[in-house]
Number of protein chains: 2
Amino acid sequence: MASDHDLVDVLRAVADPIRLRIVQTLADGRPHGKCGTHWDFGVHKSTMTHHFRILREAGLTRTIVTGRSHSIQLCREELDARFPGLIDALTAGPDRETHR
Amino acid sequence: MASDHDLVDVLRAVADPIRLRIVQTLADGRPHGKCGTHWDFGVHKSTMTHHFRILREAGLTRTIVTGRSHSIQLCREELDARFPGLIDALTAGPDRETHR
């Protein structure tokens, strides 16, 4: 069962422009390659690695390693169960229609 | 129209245990006196003043001054319009039933 403590950890993780965009990109629930061009946010690869780690450690994402390929996936079902409506609120808003 | 920038500001403001509880307390949308016992989180009054200021400057709350009494109110309608479902997600969850 989720506590405020867990929720604060998740909020801290997404309270960053790049990490919020990562979560919005992952909101479809599918695994996304860690090296894809859709992560081209104009920051260094090591910075992206840092953001990916923050999200994973906060319980927002999982990493899937297949052979030599690393993918990242939002823990969508777990998050929807623990924090109902939160991912929807972060991804679906009046702004999404024009900015995506 | 809300942007990611605004959303990140709001997320930063609520990504704190005390500020999250303040928002949960204010979620009813009614004005609450700033000196009420329901703000007894075991921190100094100046710390609460700091938290109230962060929330107000992020656009989450407004302060209402009547005579010598200061009240705080969640900008519930504005927030629901700009970030649909966000306040609900912060206040209604599986944990709320047992902890409130």
Practice problem: Check region B:22-42 and report whether any residue there is away from chain A (no Cβ under 14 Å), in contact with a helix residue (DSSP H, G or I) (Cβ under 7 Å, 6 or more places away or on another chain), surrounded by 19 or more Cβ atoms within 10 Å (Cβ to Cβ) and part of a helix (DSSP H, G or I). | Solution: yes
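Pick from region A:43-63 the residues that are in a helix (DSSP H, G or I) and touching a Leu at 6+ places or on another chain (Cβ under 9 Å): which of them is surrounded by the fewest Cβ atoms within 10 Å (Cβ to Cβ)?
Filtering region A:43-63 for residues in a helix (DSSP H, G or I) gives A:45-57.
Going one step further and asking which of them are touching a Leu at 6+ places or on another chain (Cβ under 9 Å), we end up with A:54-55.
Values: A:Ile54: 19, A:Leu55: 24.
Checked region A:43-63; the qualifying residue surrounded by the fewest Cβ atoms within 10 Å (Cβ to Cβ) is A:Ile54.
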Among the residues of region B:64-75, the number that are without any contact (Cβ under 8 Å) to a residue 24 or more places away in the chain and either closer than 15 Å to B:Thr25 by Cβ or surrounded by 11 or more Cβ atoms within 10 Å (Cβ to Cβ) (or both) is 1
When restricted to A:Arg82, A:Arg76, A:Arg30, A:Arg68, the only residue under 24 Å from B:Asp16 (Cβ atoms) and basic (Lys, Arg) is A:Arg82
Note on region A:7-21: residues at the interface with another protein chain (Cβ under 8 Å from one of its Cβ atoms) and assigned to a helix (DSSP H, G or I) are A:Leu7, A:Val8, A:Leu11, A:Arg12, A:Val14, A:Pro17, A:Leu20, A:Arg21
Counting only residues in region B:76-98 that are modelled with pLDDT under 90 and either charged (D, E, K, R) or loosely packed, with under 13 Cβ neighbours inside 10 Å (or both), the one nearest to B:Thr49 (Cα to Cα) is identified as B:Arg96
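The values are calculated or read from the model by the stated rules, or taken from the named source; none is laboratory data. Treat the numbers as computed from the prediction; the structure is a model and nothing was measured. A quick note on method: Cβ atoms are made from the backbone with ideal geometry, for glycine too, and the neighbour counts reach across all protein chains shown.
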